[in-house]
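Trainee: Pasting a structure below so you can have a look.
The values are calculated or read from the model by the stated rules, or taken from the named source; none is laboratory data. Small disclaimer: the values here were computed from a predicted structure and weren't measured. Backbone-built Cβ (ideal geometry, glycine too); neighbour counts: all protein chains shown.
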Amino acid sequence: MGAAQPLQIPDKSQAAVAMAGPSQLLFRGHLNPEGYGFPLIRKPFQLPAPVDQVSEFLEGLSEESLVLEDRWQDGEMGHGQDSTFSDPSGGELAVQWPLPPAQPITTERRLRLGVMASGSGSNFEALVQACQTGHLSAEVELLIVNNPNAGALERAKRLGIPSLVLDHRLYGSRQELDQALVARFKAAQVDLVVMAGWMRIVTDTLIQAYPERLINIHPSLLPSFRGAKAIRQALEAGVTLTGCTAHLVELEVDSGQVLVQAAVPVLTGDSEESLSERIHRQEHRILPLSVQIAAKRIGLLDQG
């Protein structure tokens, strides 16, 4: 393990990510094979310090995009868009903030994570993969599910992660279930707990046991569309932009401190299923970064 490095995340109060118009931006290969990416305007910035320093940082992050000179206006009134440049705006184009570090963060101390899931466990697996590839300096120590038929159990078996079923139907109250969760996570000596698709409302019993160390992933741009069926709420509201949010957990549902968000466009003809698939892909990207940010906020990354 290399020497500890400070986690450099750009301050959201100091800079903004701008979306370039179709005539300004050309993606290499349109989008990278995974369909991930967000454009950054790479023309010279005329901004006062300290924003100019952040802009320079942002400029170096997006190697998959190439911003060309503006060909929309050539001094002639009524001149249209240059047809040689295709429109790169598609369903997979998403904007994330804060941006990830330019390089994976290596720390002397690897975080110990507990994960809670109720369903298929794709976010759980994304966390494990981030740990295994070195993008997240952590280890998933324990997965707990509340559904004996959760697909996350099969993922845990395949990935070699210890797992446990705490069926909520066997407990007399939410508090009793949370007491059991706390006991198992304390025994596993986890530093942070991630609710990766946990479909139960948690109580103060769990929140107070892991203050500022309990993270949730939610499929909307909070504070919009809180609670259940957030993607359906977005479609019914007719919004053109939604996304996902990783945040700290508080007693009020989906109300805690936002850690990372990713915005996803709603396309004409989108169904709940099609939009869910694109949002979930962004959840997989932002959840590992949210763990790093949460750990940095309380000094866990600085401990040897």
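Trainee: Of all residues in region 174-192, count the ones that are touching a helix residue (DSSP H, G or I) at 6+ places or on another chain (Cβ under 8 Å) and either under 18 Å from V258 (Cβ atoms) or of a type in the set (G, A, S) (or both).
Mentor: So the answer is 1.
Trainee: Within region 187-197, restricting attention to residues that are part of a loop (DSSP other than H, G, I, E, B) and at negative phi, which residue is surrounded by the fewest Cβ atoms within 10 Å (Cβ to Cβ)? Reasoning before the result, please.
Mentor: If we filter region 187-197 for residues that are part of a loop (DSSP other than H, G, I, E, B), which is where we start, we get 188-191, 196-197.
Those left that are additionally at negative phi: 188, 190-191, 196.
On the way: A188: 17, V190: 22, D191: 21, A196: 28.
The residue in question is A188.
Trainee: Here is a follow-up. What is the residue count in region 225-249 for residues that are crowded, with 17+ Cβ neighbours inside 10 Å and under 18 Å from the mean Cα position of the chain (by Cα)?
Mentor: So the answer is 11.
Trainee: Right, here's the next one. Only one residue in R213, R158 is under 20 Å from E252 (Cβ atoms), charged (D, E, K, R) and within 24 Å of the chain's Cα centre (by Cα). Which one? Full working, then the answer.
Mentor: Working: R158 fails: under 20 Å from E252 (Cβ atoms).
The match here is R213.
Trainee: Against the definition (among the polar types (S, T, N, Q) and closer than 22 Å to T107 by Cα), how does S276 come out, yes or no? Even if it seems obvious, please write down each step before you answer.
Mentor: Details: among the polar types (S, T, N, Q): yes; closer than 22 Å to T107 by Cα: no.
No: the conditions fail for S276.
Trainee: For E250, all conditions in the list (1) touching a helix residue (DSSP H, G or I) at 6+ places or on another chain (Cβ under 8 Å); (2) within 21 Å of P148 (Cβ to Cβ); (3) in contact (Cβ under 8 Å) with a residue 24 or more places away in the chain hold save one; what is the number of the exception?
Mentor: (2) is the only condition that E250 fails.
Trainee: Could you check, for region 166-186, whether at least one of its residues is touching a residue at least 12 places away in the same chain (Cβ under 8 Å), within 22 Å of the chain's Cα centre (by Cα) and outside any loop (DSSP other than H, G, I, E, B)? So that I can check it myself, show each step before the final result.
Mentor: Looking only at region 166-186, we keep the residues that are touching a residue at least 12 places away in the same chain (Cβ under 8 Å), and these are 166-168, 174-175, 177-182, 184-186.
Right, trim to within 22 Å of the chain's Cα centre (by Cα) and you get none.
Taking every residue of region 166-186 in turn, none turns out to be touching a residue at least 12 places away in the same chain (Cβ under 8 Å), within 22 Å of the chain's Cα centre (by Cα) and outside any loop (DSSP other than H, G, I, E, B).
Trainee: Another question about this same structure. Among the strands (runs of 3 or more DSSP E) contained in region 58-149, which hold 3 or more residues that are modelled with pLDDT of 70 or more?
Mentor: 95-97, 111-117, 138-145
Trainee: Same structure, new question: Going through E283, E212 one at a time, which residue ends up being in a helix (DSSP H, G or I), touching a helix residue (DSSP H, G or I) at 6+ places or on another chain (Cβ under 7 Å) and under 18 Å from M116 (Cβ atoms)?
Mentor: E283
Trainee: Filter region 126-146 down to residues that are over 24 Å from A180 (Cβ atoms), out of contact with any Ser or Thr (no Cβ under 9 Å at 6 or more places or on another chain) and crowded, with 23+ Cβ neighbours inside 10 Å, then give me how many there are. Working first, answer last.
Mentor: First pass over region 126-146, keeping only residues over 24 Å from A180 (Cβ atoms): 126, 129-137.
Remaining after also requiring out of contact with any Ser or Thr (no Cβ under 9 Å at 6 or more places or on another chain): 126, 129-130, 132-133, 135-136.
From what is left, the residues that are crowded, with 23+ Cβ neighbours inside 10 Å are 136.
Qualifying residue count for the region: 1.
Trainee: In addition: Going by the structure shown, is R200 closer than 22 Å to H218 by Cα and part of a helix (DSSP H, G or I)?
Mentor: Values: closer than 22 Å to H218 by Cα: yes; part of a helix (DSSP H, G or I): no.
It is false that R200 is closer than 22 Å to H218 by Cα and part of a helix (DSSP H, G or I).
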